[in-house]
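Notes follow once the structure below has been shown.
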Amino acid sequence: MKSASGSLFTLAAFFAVTSLFAVGGGNSAIPEMHRYAVDIQHWLSDRQFADSFALAQLTPGPNLIIVTLIGYHVAGIAGAVVATLAMCGPTSVLAFVVGRASERFTDAAWHRALSRGLIPVTLGLTASSATVIASVADHSWVAAAITLATACIAFFMRVPPLWAFAAAALLGLAGLV
Amino acid sequence: MARPLFKGPFKNPAVVAPLIALSTFVAIGILHWPLPLVLLAIVPVSIGAAFLNDGMRR
């Protein structure tokens, strides 16, 4: 059993490093968070991870609330604060520095290559996040059908995603999921 | 006369970009490999391919 300070250090180290590799936003790091928090450290079960993700999406504010929830689950309020700061701190500094440098080199060949080169990686990470979340959340054919329907609605139609949330919530309230 | 050093798939971004996206997806989403290690391998390749492609179009 780890001590509280040991858990806090592990949280801080993991989220600080992971944040630097979250190409395309916090959701790109969802597979890594799942791998580490569920598969390696066993801080959460698949179900708890899926619930934390759903809660993070539903609550107003940044999607990174899942980081706060994982931290809270591991070490209470202190864990929530440490995990959130570790996830946001290093990337905020990096974004500030890179943003300033980026303005000066907009026309540079390496700048264009950097922007273009990161796009396919971001796409791959986004697809990975969707796959990981679907694999831990969809334990029935109804849940899988809702995931598929939401993906189709989002891809083919111009319908606000909130309608999909509302419909899925109603199905959940009816006990169908 | 400057000529491209690389030909083949690097010549066509319509091939390279989906390949990189697919590789990332398979490594992270299917095989569940560690994110830092995968990105340390894929990102330089992706940026290098974009750089080469950009140079060839000029």
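Listed values, structure above:
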{"item": "Peptide B:16-25, shielding by other chains (average Cβ, 10 Å cutoff)", "result": "6"}
{"item": "Additional length obtainable on full extension of the chain from A:Trp163 to A:Trp110, 0.36 nm per residue less Cα span", "result": "14.9 nm"}
{"item": "Potential extension, A:Asp46-A:Arg100 segment - 0.36 nm per residue separation minus Cα distance", "result": "15.4 nm"}
{"item": "Spin-label pair A:Phe156/A:Ile119, simplified geometry with 7 Å Cα→Cβ offset, distance in nm", "result": "2.6"}
{"item": "Evaluated over region B:10-57, the Cα radius of gyration and Dmax, each in Å", "result": "11.6, 36"}
{"item": "Value of relative contact order over region A:4-108, rounded to a whole percent, pairs C-alpha under 8 Å and six or more apart", "result": "32"}
{"item": "FRET efficiency, 1/(1 + (r/R0)^6) with R0 35 Å, evaluated for A:Thr131 and A:Val93 via beta carbons", "result": "0.65"}
{"item": "Estimated FRET transfer efficiency when R0 is 22 angstrom, pair A:Leu20-A:Ala78 (beta carbons, to 0.05)", "result": "0.45"}
{"item": "Residue-wise HN-Hα coupling along region A:21-32, computed from phi with Karplus coefficients 6.51, -1.76, 1.60 (Hz; x: Gly, Pro)", "result": "10, 7, 5, x, x, x, 5, 5, 8, 4, x, 5"}
{"item": "D_trans [Stokes-Einstein, Kirkwood Rh over alpha-carbon pairs] for chain A, 25 °C, 0.890 mPa s, µm² s⁻¹", "result": "137"}
{"item": "Ranking of B:Val45, A:Val67 by count of other Cβ atoms within 10 Å, fewest first", "result": "B:Val45, A:Val67"}
{"item": "10 Å Cβ neighbours from other chains, averaged over peptide B:29-40", "result": "6"}
{"item": "Helical mean residue ellipticity (222 nm; -39500 (n - 2.57) per DSSP H run of 4+; nearest 500) of chain A", "result": "-25500 deg cm²/dmol"}
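Every number in this text was worked out from the coordinates using simple rules, so none of it is lab data. The model shown is predicted, which means the values in this text are computed figures rather than measured ones. Ideal geometry is used to build each Cβ from the backbone, glycine not excepted, and the neighbour counts take in all protein chains shown.
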